[in-house]
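In what follows, a structure is listed as structure tokens, so that the remarks can point back to it.
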Amino acid sequence: MLSLRDIKLDLETKENLLNGVSLDIMPGKLTVITGPNGGGKTSLAKLIAGLYVPTSGQILLDGEDISHMSVTDRAKRGIAYAFQQPVAFKGITVRNLMEMASGTEMHESALCRILDRVGLCAREYMDRDMDSRLSGGEMKRIEIATVLARPAKYLLFDEPEAGIDLWSFSSLISAFEDLKKDEDRALLIISHQERILNIADNVAVIREGVITQYGTKDEVLPNLMQGGGCSPKGKEMY
Amino acid sequence: MNSITEEILKEITDWDGIFSGAYSLRENGECISFQNSDNIRIVKKEDKSGIDIYISSAAKETVYIPACVTKSAVEDVVYNDFHVQSGADVVIVAGCGVHTDAEEGSAHNGIHRFFLEKDSRVVYKEKHVGIGNGAGKRVIDPVTYAELEENSVLEMETLQLHGVDRTTRDTKAVLGRGAKLKIHESILTDKDQSASTKFLVDLNGDDSSVDLVSRSVAKDDSVQEYSSVINGNVRCTGHSECDAILAGNGRVNASPALNAACIDASLIHEAAIGKIAGEQIIKLMTLGLTEEEAEEKIIAGFLGA
Ligand SMILES: Nc1ncnc2c1ncn2[C@@H]1O[C@H](COP(=O)(O)OP(=O)(O)OP(=O)(O)O)[C@@H](O)[C@H]1O
Ligand SMILES: [Mg+2]
């Protein structure tokens, strides 16, 4: 289990980014974090992955305090994080990146299996550079695929729906549903999407750096259901 | 051939004990062996050190012309001219290694000229390395001149990754109608090394094009200079891109120039110099790489190494 205990986060440039957040992320479960823009969702993910260090509070990974552990060591301990904004690299191919993620050489069939989950054809993409010549949606899907390729126990996805077309999104939803069945892996997805909230086990709402609601999907969703526009992917909840 | 030459050959070419097909091998200022093929003829120059390489229309193959300097106090200058007939389609693997274990340095200056006739295609691959432990400087100063006739295509891939203390590269090309020039140059310098590279491209034939990509990494106290001049004299397209990564006290000066002398000349330059983006390192660290490993991967990818 991954536990956040009374986490406070201040940055030099911004105080009270998170203000006493406690949350348990359990294997075999899909936890969805939602809430308004600027509420602190990405900051929380960065904190778990080690990009930020908490001002106070603790992060426990299967009982071990990892609050001050490096990004690399957390990754090696089984934390994987798909960024909200994918990072571009000149000269690093999709295959290179996937191999770094999986930690092994990958044959076309293995690449295919993973890229297919995000609606990409491996043959077409594996030798392309992960640079700005890829479209926004392509970059985003490759970013998600690098996390699907990780042999990690805790998988974090930051707004995986953003910029992704309807067809790839459906395939992604089924990938998440499959991952959920794995009793040894825990999923944490940051999302504004009804279709993702609908497959959640637990839902947390973060607003102004604090969790304002937490519970099972059935407990939390009814409270969120006030309006929101229709989109092909389902309603935007926040 | 001596064992250092063997070591250099393995690094700068795909040599595995034998060159099949045409080649000319230079060691310490002399051509120590060469071989013609049915379509490629190599002739020693009478008036100066070097060779003429005659590539016939029927040639669809690879020719090797590596040069190795294996000891100190060698000042090698060589003139190699490539005459590529209309319709030929070849890969030229050049490259040079300079080794010195002494106080005194060694140098190799290759002066290469390419004459590409109509519709011919050449891929030119060149890798430069310096090896050995002596304090003597390893210097490689290549001069390249290329004339591209109608619809001919020249692709140059040049790579200098380690050990060359000083280099001054000078590349000039003149393009005729529909000719295409593609250059991808990668240079890594470290310690107190310095590298200077200059390009001058004249787009003189309608619909000619040049795509010039330079990637450099300057580490430690090394210094690199880049300058390019693209003259668009007719209806043509030109693109140059100079990207550099700085590490330590590395310095890079880039001065790209575009001169358009025709309303239909379309010229673009892009340049970016700076240290490795923090988010790139962080991203790779989230995949389990250490900071050092992440930097290495980013630099290797960037240089195409
Ligand atoms: N490094 C930083 N320096 C200053 N302010 C920051 C920094 N990182 C985040 N913030 C601010 O903290 C707040 C929370 O940001 P965060 O990215 O966590 O929000 P979010 O919930 O992920 O929002 P969104 O739904 O838009 O992705 C925002 O107001 C943001 O501007
Ligand atoms: Mg966010």
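A few points about this structure:
- Test result for A:Asn223, away from ligand 2 (no atom under 16 Å from the Cβ), touching a strand residue (DSSP E or B) at 6+ places or on another chain (Cβ under 8 Å) and modelled with pLDDT under 95: yes
- One residue alone among A:Ile33, A:Ile25 is within 14 Å of A:Leu155 (Cα to Cα), of a type in the set (A, V, I, L, M, F, W, C) and either within 12 Å of ligand 1 (Cβ to nearest atom) or open to solvent by 60 Å² or more (accessible area, probe 1.4 Å) (or both), and that residue is A:Ile33.
- Tallying residues that are within 14 Å of chain A (Cβ to nearest Cβ) and among the charged types (D, E, K, R) within the range B:240-274 yields 3.
- Annotation for the range A:166-173: no member residue is aromatic (Phe, Trp, Tyr), within 13 Å of another protein chain (Cβ to nearest Cβ) and out of contact with any helix residue (DSSP H, G or I) (no Cβ under 7 Å at 6 or more places or on another chain).
- Selected residue (criterion: farthest from A:Met100 (Cα to Cα)) from residues of the range B:263-282 that are surrounded by 14 or more Cβ atoms within 10 Å (Cβ to Cβ) and among the hydrophobic types (A, V, I, L, M, F, W, C): B:Ala265
- Failed criterion for A:Glu15 (all others in (1) within 15 Å of ligand 1 (Cβ to nearest atom); (2) crowded, with 22+ Cβ neighbours inside 10 Å; (3) away from every other protein chain (no Cβ under 14 Å) hold): (2)
- In the set B:Val234, B:Val213, B:Val217, B:Val229, only one residue is closer than 28 Å to B:Glu147 by Cα, in contact (Cβ under 8 Å) with a residue 24 or more places away in the chain and within 14 Å of another protein chain (Cβ to nearest Cβ); that residue is B:Val213.
- Any hit, the range A:8-19, residues being more than 16 Å from ligand 2 (Cβ to nearest atom), touching a residue at least 60 places away in the same chain (Cβ under 8 Å) and under 18 Å from the mean Cα position of the chain (by Cα): no
- Scoring A:Ile142 on the criteria (1) within 16 Å of ligand 2 (Cβ to nearest atom); (2) within 12 Å of chain B (Cβ to nearest Cβ) leaves a single failure, condition (1).
- Considering the range B:21-64, the qualifying strands (runs of 3 or more DSSP E), each wholly inside and each with 2 or more residues that are of a type outside the set (Ser, Thr, Tyr), run over B:23-27, B:30-35, B:40-44, B:50-55.
- Any hit, the range A:85-98, residues being away from ligand 2 (no atom under 16 Å from the Cβ), more than 10 Å from chain B (Cβ to nearest Cβ) and polar (S, T, N, Q): no
- Of the strands (runs of 3 or more DSSP E) lying entirely inside the range B:70-162, those carrying at least 3 residues that are open to solvent by less than 30 Å² (accessible area, probe 1.4 Å) and either among the hydrophobic types (A, V, I, L, M, F, W, C) or over 20 Å from B:Glu11 (Cα atoms) (or both) are B:75-84, B:89-93, B:106-116, B:121-131, B:143-148, B:153-162.
- Test: A:Asp10 is more than 16 Å from ligand 1 (Cβ to nearest atom), in a strand (DSSP E or B) and away from chain B (no Cβ under 14 Å): no
- Residue within the range A:163-185 that is open to solvent by less than 50 Å² (accessible area, probe 1.4 Å), more than 19 Å from A:Ala122 (Cβ to Cβ) and within 16 Å of ligand 2 (Cβ to nearest atom) present: no
- Any hit, the range B:190-206, residues being closer than 21 Å to B:Gly87 by Cα, assigned to a strand (DSSP E or B), open to solvent by 10 Å² or more (accessible area, probe 1.4 Å) and in contact with a strand residue (DSSP E or B) (Cβ under 7 Å, 6 or more places away or on another chain): no
The values are calculated or read from the model by the stated rules, or taken from the named source; none is laboratory data. Just so we're clear, the structure is a prediction, and the values are computed from it rather than from any experiment. A quick note on method: Cβ atoms are made from the backbone with ideal geometry, for glycine too, and the neighbour counts reach across all protein chains shown. For accessibility, only protein heavy atoms count, side chains too; no ligands or nucleic acids. Shrake-Rupley method; radii C 1.70, N 1.55, O 1.52, S 1.80 Å.
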